[in-house]
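Below is one structure; the comments refer to it alone.
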Amino acid sequence: MSVTKDAIHDELQRESFIKSLSIVDWLFAAILIVGAGYAYQLYNYLMDGYEVAILFGTAISLIALGWWWKATRILMVAIAALSLLSILLYGPAIQALLTQGMDSRDAIAALANLDDKVNSKFLFKYFLSSTSAIMWMSALFIMATIVYFFNLATRNVYAGKVATAMTWSATTMGFVGLMVRWRESYLISPEVGHIPVSNLYEVFILFAVITALIYLHYEGRYKTKAMGGFVLMVISAAIGFLLWYHFNKGAHEIAPLVPALKSYWMKIHVPANFIGYGAFALAAMLGMFYLFIEHAKNAKLSNQIIAVILIFGITILSFFGKVGAGSVEVVMSNIGLTILICAGFWVLGFGIVRGMRAIGPDNLPKLDMLDDVMHKSIALGFGFFTIATILGAAWAAEAWGGYWSWDPKETWALIVWLNYAAWLHMRLMKGLRGTPLAWWSVVGLLITTFAFIGVNIFLSGLHAYGEL
Amino acid sequence: MENNTTTAKATVSRRSVLLDFLGSMNLAITILVIIAIASAIGTVLKQNEPYNNYIIKFGPFWHEFFLSLNLYDIYSSGWFLVLLVFLVISTLTCIYRNTPHMLREMRNFRLNSKIKSLKTIEGSKSWAISDVDATEKTVARLFEVQGYQVRRKQHDDRTIIAGMRGRYNRLGYIFAHVGIIVLLVGGVMDSTVDIGLRESLGLSKIDNTTEFVKDMPEISQLQPNDLISFRGNISIAEGQTANFTLLRIREGTLVQYLPFAIELKDFRVEHYSSGQPKSFESDLVIIDKDKDAKFEHTISVNYPLQYRGYTIYQASFGDGGSKLKFKVWPFYDFKLRTLDVSGVVRGERVLDTINGEQTMEFIDFKKYNVRPAEEGDPEGKKFVNDGSSVVFKVRNSSGVAREYTNYMSPVIFKGRYVFITGMRNSPSEAYRYLHIPADEKFTVERFMKFHALINNSERAHQIAVQTVDQVLKDAPDSDKYRQNIITTMMELLDKFNYGGYAAIDNHISNQQVDAAQKAKMREAYLKVLNTIMQALYMDVLQAEGVDISKPITEDQQGFYLAALDTLRQIPLYGTPFYAQLTDFTHVESSGLSVAKLPGTNVFYLGSVMSIIGIFLLLYLSQQRLWAVFYKNDEGQDTLLVAGSGNRNVEDFKRHFQQLVDKLSRLVGENKNT
C-alpha cells in the first residue's frame, strides 16, 4: 500500500469550509440573495427597518442552513417554486371570480376554502391553494407515520425510502401552505395581510413542519429510519388537532390581527419558539421509544408504560374536551366514552410493547443512540427556546409596558425552561443517562404541551388577546 | 495551641461543608423545581383579584390560609424572593467554585499526561514508527489542519504533542451562569421589592379608602425619585392632563407622581373594513416644566414613547365623559309629556317619576358595537355594527339600582326594526331585552302613542264603547250585557297595562271555577283584550293620518303584534320610563401604562450573556488530542494517539476514528521510506 506525496499533501491541507462549497452551493446562495433583493424591491414600502433586517437575516440564515445541511437546498427551492406557481395561478382565478361579481374577500375565501363556486384550474384547486396544500401535508404525514412503522416492523428498505420521501414531501407542502396563506392574507386586503404564525391553526402547521425537519436531520445524520414512526406520531397527533380545528371550528379562515400582534417581533419570536417546541416534542417521543424498547427487552409486560400512555390519552382528551365541549367534565362525565378512549390507549400501549417484542430487540435502534439524539434535541430546543423567551420578553417590553409580567404564558415558558435546564444539568453535570432522563423528557412534553396550548385553553391572560 | 489548630480545621471544614451544600447540584435542581411549582400555582390561582372573590371561591378558612402564604401575590411575596435569592447564591457558589477550574481547563493542554492513562482512553491507538521527527511534524500538522491548537512538550521518557479545540465551551459555562445572575439582578431592580421595603419601613402606606387622587394622604403619595422602578396605570380623558400614575397593589393604590405632565389630545380607534379594531392610538403632549420642554408624540400598541427613563404605553381605552342627550318617554303618562335630559358619562341626573325620585347614573358609552354576524347573514357579512349604545343605572330613593343599556339606532330583530333596551338587576346577570318596534319613520313615537292611549282611560273608554257598539250592532237584547263587556274590557286593559298577561292569568286563577272553565275564560278574555287593543291601535294609526277604512298593511299588522309583545313586558322593565339616546358628543379616554424600569438594560445584558453562554456550552465541544512518542519495552519508537471530547461523545468518536484512519495512512507511508 503506497500513498503518493500529493495525497499526503492533500490530507495535510487545512479543510476550508468555503473551499468545500460547490458551484451548486454558490448558485443556491445567489438565488436566495436575488430573491430577497427582489422581495425588498417590491415590498420595501411596506416594511420598517427591523423587517428589512429580518428579511435579509432570514436569507443569510437560510443560505447557512442550505450549506450546512445540503438536502434543505432542494427543499427550499421546491417550496419557492411551488409557492410562486400557486401565487401566479391566483391572479387569473381571482379575476374570474371578480368578474362574477364577488368582492375580493369572498373570492379569496372561496379559493382558499375550495368553494364549489370555483371552477378554476385542476392543479390549483387540488394542489396549491393553501388549504389543499395543508391537506396534502396532513395526509402525507399520517401516511408517512404508518409507513415508518411498517418499515420498523419489517425492515423493508423500500418502505423506509417511501416514508422518508413522504416526510420530505409533507414538509414541503406544509411550508407551501404557509407561504400561500401568507399571500392570501394580503390578497384579502393589504391591511389584513400578515405572516401566518398568528393563531393556533397556523402554529400547528409550523409545529408539524419544524418537528419533521428536525427529525429528518437526525434521520440523515444517524442513517436510521427506526425513529420515524414514533416521532411522526406526535406530528400526526398535531395533524389530528389541526383537522378537527379546521372542520369543527373553521379555524382555517384568515382573520385580521389584533393590534397587539401587529409587530415585527412576531416574525422571529414565534418561529424560534416552535423550534423549541418541536425539538422538545421530538425528544419526548424518543424518550417514549426508549422506554418501550427497554421494556420490550426486559421481557415483562410493563404496566408503567401503559399507565403513561393512559395519562397521555386522558390529557389529550381533556384538551379536546375543553376546546370542543367547553369543559373537561362534559367529556369525562360521559363514562362510556371515557372508558372506550382509555381502553383504546391501553390497547395501543399493549400493542406497541407486543409489537416490539415481535420485532425483536436486536432489530430495534440502540438505546445509546436514542439517548444521544434525545440529548441533542433537547439541547437544540433549549437554545432556541431561551432565545424565543427572551425575544418574547423584549416584545412584551414594547407592547405591554414591561418585559416580565408573570402572565400565564410567560410563566409557563419559564416553567418549561426551568424543567429543561434541570434536565440538562442532570445529564451534563451529574452524568445521568438513560431511563430516568427518558421518563423526564416524556414528562417534559406534558409541561411543554400545557405551555403551548393548555395555557390558551385553560388560563386567561395577555396572550389570550381578549383586550387590545 | 493544639486546640487552636483543631478549631481552624473545623472552621475550614465547616466552610467547605457550607460551600458544598450551596454549590451542590441537588440544591440547584431542588430550587429550580420549587420555583417552577410556585410559578405554576401563580398561574392557576388568579393573582391580585379582589379578596371577596377568593372568599367566595375558597371559603373564609382557606382564604385566610392562602392569604397568610401570600398565594394571591406569589411573585412579590417574601418567600418567592427568598427562593430567587437562594438560586442566585447557589449559582454564585457554582461560579465561584468552578470558574478557576474552567479557566485552567481552557489553557491547560494536559501536556503531562501519562502513557498509561492515555492508553485507557477508548479508541486510543498506537503505531510502530521509524522516523520520529518526520512523524512528529506530520502529526502536528494534521492536528492543526483539523483546527486544533497544538503544544509540544519533551519529557525524559516521552514527547507529547497535545491538541485542543473548542476551548470556549468552558467560557460558555461562565457566561451562561453569570448571565442568569445579571438577568435576575435586572429583574429584581424592576420588581416591587422597593415598595415592600418602603411599606415595612413605614415610609409608604397603601391606600384603599380614598376615592379621589387629590384627597390621597401624603403617605400614599410617591415622588418621582422615591422608587427605583414602578409600573402604573392612568386613564386620561381627551383634553385632560395628568402628572401622576396609579400603582395598584393588592387591594389598594399608591399615587406615583411624574416629573412631567401628560396631556391627551386625541384618542383614535381605527377599524378594519370588517369592523374589528385595527389600531389604538393616542396623541400625547408631554409638558416638562423642569426641562422647559413641551412636545407632541403619538403612541400606539407596540410603539411606546420613551422619555427621561420613563416609558409610556398604550394599554387600554374607555369613555372619558361623553356628553349624552336623552329623550325620556314616560310609560304611564297619557299625555306623553317627554323630558329632555342631558348628562355626561360618570355623571348623574335626578328625575321625578311616578315612582318617586330616581337617579340616572351614566356609566358608559360606546360609539360602535361590532359583533360577529349570525350564521347565514343575508348580506353575507362577517360582522355587524349595531351602532352606538349607552349604559346607565337607575337608582331609586332606597338605593337599589338597576342597570340599563340602550341602543341609539334601531336594529333588525325578527325581521323588524326595533329599538333595543336591556335591563338587569345586577352586573352578574345577563341583560333581558325589550324590543321597542320602530314605526315607518324609524322612531319610537307610534309605539309610545299607542302605550299612552292605553293609559288614557277616558279616551280608551270611549273607544271601548264604540267598539262594543259596533260588535253588538245586530245582536238582540244586547243592552243587558253591553255594559258588562265594556267594564270587563277596561278591567283587562288595565290589568294588562300594569301586569302583562301574567296579571290576567292571575286574575283567572283566583276564580272559583274548574280548570276547563278557566281555559275557556282565558280564551274569551284574550279575545276581548285583543279587540280593544286592536281598536286602540287603529285609533293611533288614524291619528297618524292613515286611512283606516281600508285594510291595514302587513307591516302595520306586524308592528301591532310586535308592540303587543313588548307591551306585555313593560311591567317587568323596572323603570316607568324609556330613556332614548338622541345625541352625543363622544369623549374618549386613553388608558396609559407608565413605567420606569431601569433594570431593563441589565436584564437584556444578562439575557444576551446567557444565550451566548448556552450556545457555547451546549453546541461547542471542547476536544483534546494527544500524540505521545516513546520507546516501548522492546526499544521500538512508538506513536500513541488518544482523544476526548466533553460533549457529543458519539460524534467525537466518529471524528477520532477518521483521524486514526488518516494517521494510519500517513504513518504507514513514513514507515516505508
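Side notes on the structure shown:
- Extreme residue, modelled with the lowest pLDDT, among residues of region B:415-426 that are over 18 Å from B:Asn369 (Cβ atoms) and touching an Asp or Glu at 6+ places or on another chain (Cβ under 9 Å): B:Ser426
- Scan region B:448-505 for residues that are touching a residue at least 12 places away in the same chain (Cβ under 8 Å) and basic (Lys, Arg) and the total you get is 4.
- Residue match in region B:279-297 (condition: surrounded by 14 or more Cβ atoms within 10 Å (Cβ to Cβ), in contact (Cβ under 8 Å) with a residue 12 or more places away in the chain and part of a loop (DSSP other than H, G, I, E, B)): no
- Members of region B:386-408 that are assigned to a loop (DSSP other than H, G, I, E, B) and under 20 Å from B:Asp352 (Cβ atoms): B:Ser397, B:Ser398, B:Gly399, B:Val400
- For A:Leu364, the criteria (1) within 10 Å of chain B (Cβ to nearest Cβ); (2) over 24 Å from A:Gly313 (Cα atoms) hold in every case but one, which is (1).
- Some residue of region A:161-176 being touching a Pro at 6+ places or on another chain (Cβ under 9 Å) and under 21 Å from A:Ser86 (Cβ atoms): no
- Members of region B:17-54 found to be more than 10 Å from every other protein chain (Cβ to nearest Cβ), over 21 Å from A:Ser405 (Cβ atoms), part of a helix (DSSP H, G or I) and in contact with a Phe, Trp or Tyr (Cβ under 9 Å, 6 or more places away or on another chain), listed by number: B:Leu19, B:Leu22, B:Leu27, B:Tyr51
- If only residues of region A:152-167 that are touching a residue at least 60 places away in the same chain (Cβ under 8 Å) and part of a helix (DSSP H, G or I) are counted, the one that is surrounded by the fewest Cβ atoms within 10 Å (Cβ to Cβ) is A:Ala153.
- If you go through region B:262-293 and keep only what is more than 19 Å from B:Ser316 (Cβ to Cβ) and within 13 Å of chain A (Cβ to nearest Cβ), you end up with B:Tyr272, B:Ser273, B:Ser274, B:Gly275.
- The sole residue among B:Val587, B:Val602, B:Val628 that is more than 30 Å from B:Asn497 (Cα to Cα), out of contact with any helix residue (DSSP H, G or I) (no Cβ under 9 Å at 6 or more places or on another chain) and either of a type in the set (Val, Ile, Thr) or within 10 Å of chain A (Cβ to nearest Cβ) (or both) is B:Val587.
- Here B:Thr138 fulfils each of the conditions (1) hydroxyl-bearing (Ser, Thr, Tyr); (2) within 14 Å of chain A (Cβ to nearest Cβ); (3) closer than 30 Å to B:Ser90 by Cα apart from (3).
- All of B:Ser621, B:Ser593 fail the test of being assigned to a strand (DSSP E or B) and within 14 Å of chain A (Cβ to nearest Cβ), apart from B:Ser593.
- Tabulated pairs, region B:531-543, first more than 14 Å from B:Val465 (Cα to Cα), second not in a helix (DSSP H, G or I), C-beta under 8 angstrom, 6+ apart or interchain: B:Met538/B:Ile548; B:Met538/B:Ile552; B:Leu541/B:Ile548; B:Leu541/B:Ile552; B:Gln542/B:Ile548
- Yes/no for A:Lys267 being within 14 Å of chain B (Cβ to nearest Cβ), closer than 23 Å to A:Met137 by Cβ, within 19 Å of the chain's Cα centre (by Cα) and not hydrophobic (A, V, I, L, M, F, W, C): yes
- Residue count for region B:77-114 under the criterion of being among the polar types (S, T, N, Q) and touching a Leu at 6+ places or on another chain (Cβ under 7 Å): the result is 2.
- Residue within region B:369-379 that is within 30 Å of A:Ala260 (Cα to Cα) and in contact (Cβ under 8 Å) with a residue 40 or more places away in the chain present: yes
- Exactly one residue out of B:Tyr313, B:Tyr332 is more than 10 Å from chain A (Cβ to nearest Cβ) and surrounded by 14 or more Cβ atoms within 10 Å (Cβ to Cβ), and it is B:Tyr332.
- If the condition is being more than 18 Å from B:Arg167 (Cβ to Cβ) and part of a helix (DSSP H, G or I), then region B:106-129 contributes B:Ile115, B:Lys116, B:Ser117, B:Leu118, B:Lys119.
- Test: residue in region A:384-391 that is facing chain B (nearest Cβ under 8 Å), under 30 Å from B:Arg170 (Cα atoms) and within 18 Å of the chain's Cα centre (by Cα): yes
- Entirely in region B:131-210, the helices (runs of 4 or more DSSP H) that have 2 or more residues that are under 30 Å from B:Leu639 (Cα atoms): B:132-145, B:168-189
- Looking only at residues in region B:245-259 that are more than 13 Å from chain A (Cβ to nearest Cβ) and buried (at least 18 other Cβ atoms within 10 Å of the Cβ), the one that is modelled with the lowest pLDDT is B:Ile249.
- Of all residues in region A:401-436, those being assigned to a loop (DSSP other than H, G, I, E, B) and either surrounded by fewer than 20 Cβ atoms within 10 Å (Cβ to Cβ) or more than 7 Å from every other protein chain (Cβ to nearest Cβ) (or both) number 9.
- Among (1) surrounded by 21 or more Cβ atoms within 10 Å (Cβ to Cβ); (2) modelled with pLDDT of 90 or more - the single one B:Ser409 does not satisfy: (1)
- Within region A:85-144, considering residues that are of a type in the set (Val, Ile, Thr) and over 22 Å from A:Ser169 (Cβ atoms), the one modelled with the lowest pLDDT: A:Val118
The values are calculated or read from the model by the stated rules, or taken from the named source; none is laboratory data. No experiment lies behind these values; they were computed from the predicted model shown. Every residue, glycine among them, receives a Cβ derived from its backbone with ideal geometry; neighbour counts consider all protein chains shown.
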